[in-house]
Structures are given as C-alpha cells and as structure tokens.
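See below for the structure under consideration.
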Amino acid sequence: MAIQIKNPFITSGYISAEYFCDREAESKELIGALLNRRNTVVVSPRRMGKTGLIEHCFHQKEITREYYTFFVDIYATGSLKELVYILSKHIFSTLKPRGKKFVEQFFTVISSLRPAFKLDPVTGQPVFDIGIGEIRQPLQSLEEIFEYLESADKPCIVAIDEFQQITRYPEKNVEAVLRTHIQQCKNTTFVFSGSQRHMMQHIFFSASRPFYQSASFLNLDPIRIESYRKFVHKHFGKAKKKIAEECITRIYNLLEGHTWYMQSIFNRIYEQLDSGEEISLTEADRLLHSTVDSYRIVYQSMVALLPERQKEVLFAIAKERKATEITSSEFIKKHGLSSSSSVQSAAKLLLEKELITKEENTYQVYDRFFGLWLAQAYGTGYSL
Ligand SMILES: Nc1ncnc2c1ncn2[C@@H]1O[C@H](COP(=O)(O)OP(=O)(O)O)[C@@H](O)[C@H]1O
Ligand SMILES: [Mg+2]
C-alpha cells in the first residue's frame, strides 16, 4: 500500500522511491556491488544523501528478496564496547519480529551477551536489556556477532554509517580487528559510509592501514539540477502547484544542490502554495530567508563559542562563499586577518570542528544555511 503523505519533500528519513530523487546511477552501482559481494565505501558531506541512498537500495526487490539487511549509525559511539552494543541491539531488534526461534538462536551464537536476554515482565516478549558497562568481553562478543551473521540462512548486508568514528575508539587495534573479521566473511557484505572524507580516505586508502584497498569507493555528489528539476515538477504538478524554472535554478545554485537544504526549501515552498498558485521569486526569497533565520539561535551560539581568531577566519570564508588561497597576503589583507600561520591554524581547528570544508584548496562553510546566515549577519547578504 502506498503511503500518503502531506508534503512530498521529506527532510528526514526514507519513505519510498516515490519521494526519492534520482540517484539512479549510484543505486545501480551500489546494488551491483552488493549483489556481487563487494564491500563498498560511500562518502559525501553530511546531509548529501548517503543514508537515503543506502536505504533506497535496501528497499529494492533484488535486495529484500535475497538478503537480510542491517543499518547502524555509529556516529554517537565512542568505543568498541559501544559498537558491539549498538550492533547487537540492532540485530536483535531486526530479528525480534521474526519470532522466538530467531531470538533464541541469536543468544545461542552470541552467548557472551546472554545476560542481555530478558523477558518483558508485562508482555512476556523478549527484550535486549544490558548496560554498555556490562559488555565485559567486547572482542569475544564481536567475534560472535560475525559468527552469527555468517551462520544466517540468507546472506547479510551490514551498513555501518559514520564509519570514521572507529578511529576515535580508545581500544587498541580496532581497525585491524574489524578488518580481520570482515575479510573472513563469506556470507556478509559491508557498506561503510562516512562524511569525513579525509578520515575515510585515510582508513581505506593508506597503504599502512588495515582496511587498505579492501572496498570499492562511491562518491556522492549533489543530485544534478536536471533530475532535481524533474522531481520538483513531478510533485508540484501532482498538486497543481507552480514554480518557474528560473526559481528552481536560482535555489539550486545558491544551495549548490545540497540535498537536505534543497528539500527543506522545497518543502516550505510546497507548503506555502495552494492548488493552482505559483510561487514568485520574491516570495521564494522571503521563504529562504525565514528558513535560514529560523536557525538563528543555534548559529548565534555557535559563533559565540568560537575564539576570536577562528571567528575572523570563518567570517572571511563566509564572505567569499568559496575561499581559496586563504593564507595568501591578499586574503589576509582583504579580511584584516593577522598572519598566514594564524589563519592556517584557525582553519585547521574549524575543519576539525566541521564548521568548514576543504575540497582541493577551496574552503566553504559546511552547513549551507549557516553560510547564508553568516553572509547576512556579517557580510553583504544573499538573495535568489
Ligand atoms: N535522493 C533523494 N531525494 C530526496 N531526498 C533525499 C534524497 N537523498 C536524501 N534525501 C533527504 O535529504 C536528507 C539528508 O540525507 P541523508 O541521507 O540523511 O544524508 P547523509 O546520510 O549523507 O547525511 C534526508 O532528510 C533525506 O530525506
Ligand atoms: Mg547519514
């Protein structure tokens, strides 16, 4: 049954192909990799659509028919123990609806986590109930989890989102341990996704690292304007709402097609229009400004928390929108900065805080709305 939703421009999660724009080539590539048991790395900036793409592929018939799929986001994990916790809890909750037999088998293979197996006193249903601290032998549990996946009656696909997080774990040799298990898998294929390109590249493309060349690489660029245009017209058309090509183009250019930001704006434009109405450029511009402004409190506090030097560099980058040669004397002079070395160290810290991105020597504010807000608050503003 098709799900009926009020606004087709969704800004969180995945619903169905109907509300998913393009990504045809990427889906084909990822599905092909999975069907042929190639582990794959998916990389893009945050909010570009990695999770969406993986979910979309996991919903395709070729995959749902033949595989068990698991998707875990490890962004919030800080140790191998937590990884074990989140992975096992997720596998448990995926299996639970399949019935007692599956749950029992789970705890038979993953016997080190047996203490987590409890029955809800009210419903009598099995629950996974253990504190992270009670995971006493994470290495053994991890081994058992892999054993479990390998013994499943269908092949498994495990997607680990924000995989770069494992480099922050305090335990020794995490990468090597995971790599060893993953390498031995015959029944399980992996997708590793991450938004920190340099960390992901480090993990998978440094000859000295355990995961070196162990997976193929899929880079997620913004959705092309032609596809997004079609997507907008399809949904606006269905509701008899109108929007000019020019308007779509300007929004796309200003937001550089960054998926979530595009979805947010089109969601609001869609909401604004009644059937038969067309959005004017002025009105679209007003909506964009009010959307950006709605995050004002967050952005103000982000700025307030920054040391002076970093603030200055952030403002300079925001003013330029795309800044190159930020340590050149020209850039320093233009923006009244102090010295090339202080700009360099400030930029490094801003990168680590994920406030800016660096692609081939071009710096940009990471969050598109934050960039626009900064341009308005500290620069010459922006408009469609
Ligand atoms: N192809 C797409 N078409 C429409 N919306 C999408 C598409 N891909 C992602 N989105 C939306 O954009 C937002 C960000 O995508 P997400 O997959 O969470 O990004 P990432 O995992 O890269 O951070 C989500 O809310 C999702 O609904
Ligand atoms: Mg994601």
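What's the local net charge at Lys234, with K and R +1, D and E -1, over the other residues with C-beta under 12 Å away? Could the numbers behind the result be given before it?
Details: positive: Arg229, Lys230, Lys238, Lys241; negative: Glu18, Asp22.
Within the 12 Å Cβ shell, the charges total +2.
Would you work out which of Ser141, Ile182, Thr108 lies farthest towards the positive end of the dipole of the chain, given +1 charges on the beta-carbon of Lys and Arg and -1 on that of Asp and Glu, about the Cα centre?
Thr108
How many Å³ per residue does the convex hull of the Cα positions in segment 95-218 occupy?
On the way: hull volume 16.5 nm³, N = 124.
So the per-residue Cα hull volume is 133 Å³.
Report the extension gain between Leu35 and Ser341 in nm, rounded to one decimal, defined as 0.36 nm multiplied by the number of residues separating them, less their alpha carbon distance.
Numbers: separation 306, 0.36 × 306 = 110.16 nm, distance 4.94 nm.
Result for the pair: 105.2 nm of gain on full extension.
Return the FRET efficiency for the residue pair Ile5, Lys242: r is the Cβ-Cβ distance, R0 is 22 Å, and the value is rounded to the nearest 0.05.
0.60
With springs only between Cα atoms under 10 Å, which of Glu55, Glu18, Glu360 fluctuates most in a Gaussian network model of the chain?
Of Glu55, Glu18, Glu360, the most mobile in the Gaussian network model is Glu360.
To the nearest 20 Debye, how big is the dipole of segment 45-173 about its Cα centre, given +1 on the beta carbon of each Lys and Arg and -1 on that of each Asp and Glu?
Working: 17 positive and 17 negative charges, 48 e Å.
Rounded to the nearest 20 debye, it is 240 debye.
Shape verdict for the chain, please, from the Cα gyration tensor: rounded (a/c under 1.5), prolate (a/b greater than b/c) or oblate. Walk me through the numbers on the way to the answer.
On the way: a/c = 2.08, a/b = 1.39, b/c = 1.49.
Oblate is the answer for the chain, as a/c is 1.5 or above yet b/c matches or exceeds a/b.
Given the options Ser301, Ser264, Ser216, state which has the largest fluctuation in a GNM of the chain using a 10 Å cut-off (strictly under) for Cα springs.
Evaluated over the chain, the most mobile residue of the options is Ser301.
Spelling out what I want: for every residue of segment 10-21, take phi, set θ = phi - 60°, compute 6.51 cos²θ - 1.76 cosθ + 1.60 (Karplus), and round to whole Hz; glycine and proline get x.
7, 10, 8, x, 10, 9, 6, 4, 4, 9, 10, 8
With contacts defined as alpha carbon pairs under 8 Å and 6 or more residues apart, what's the relative contact order of the chain in percent? Display every interim value, and only then the final one.
Working: 508 pairs, mean separation 67.8, N = 384.
After rounding, I find 18 percent.
When Phe231, Phe20 are ordered from fewest to most other Cβ atoms inside 10 Å of their Cβ, what list results?
Details: Phe231 21, Phe20 18.
Going from least to most buried by this count: Phe20, Phe231.
How big is the charge dipole of the chain about its Cα centre, in debye rounded to the nearest 20, if each Lys and Arg gets +1 on its Cβ and each Asp and Glu gets -1 on its Cβ?
On the way: 49 positive and 45 negative charges, 35 e Å.
Computed charge dipole of the chain: roughly 160 debye.
With springs only between Cα atoms under 10 Å, which of Leu87, Leu337, Leu178 fluctuates most in a Gaussian network model of the chain?
Highest fluctuation of the listed residues: Leu337.
In whole percent, what relative contact order does segment 1-145 give with Cα contacts below 8 Å and a gap of six or more residues?
On the way: 98 pairs, mean separation 22.9, N = 145.
Relative contact order comes out at 16 percent.
When a/c reaches 1.5 or more, the comparison of a/b and b/c decides; with that in mind, is segment 299-378 rounded, prolate or oblate per its Cα gyration tensor?
Values: a/c = 1.41, a/b = 1.32, b/c = 1.07.
Rounded is the answer for segment 299-378, as its axis ratio a/c remains below 1.5.
Give the cross-link partners of Lys333 among the aspartates and glutamates, using a straight C-alpha distance below 15 Å as the criterion and excluding same-chain residues fewer than 8 apart.
Glu312, Glu320, Glu325
Relative contact order of segment 225-293: what whole-number percent is it, with Cα pairs under 8 angstrom and at least 6 residues apart? Present the calculation step by step, with values, prior to reporting the outcome.
Working: 47 pairs, mean separation 25.5, N = 69.
Answer for segment 225-293 is 37 percent.
Roughly how many debye, to the nearest 20, is the charge dipole of segment 147-193 about its Cα centre, given +1 on each Lys and Arg Cβ, -1 on each Asp and Glu Cβ, and no other charges?
On the way: 5 positive and 7 negative charges, 27 e Å.
In debye, rounded to 20, segment 147-193 gives about 120.
Longer than 32 Å from Cα to Cα, which of Lys186/Lys348; Lys89/Lys322; Lys334/Lys358; Lys81/Lys319; Lys172/Lys348 are they? Say none if no pair is.
Numbers: Lys186/Lys348 41 Å; Lys89/Lys322 43 Å; Lys334/Lys358 20 Å; Lys81/Lys319 43 Å; Lys172/Lys348 26 Å.
The answer is Lys186/Lys348; Lys89/Lys322; Lys81/Lys319.
Which one of Ala304, Leu281, Gly49 has its Cα pushed farthest toward the positive end of the charge dipole of the chain, where Lys and Arg give +1 and Asp and Glu give -1 at the Cβ?
The listed residue farthest towards the positive side: Gly49.
Here, each number is a calculation from the coordinates, and none is a lab measurement. Remember, it's a predicted structure, so these values are computed and weren't measured experimentally. Note that each Cβ is placed from the backbone with ideal geometry, even for glycine, and that neighbours are counted across all protein chains shown.
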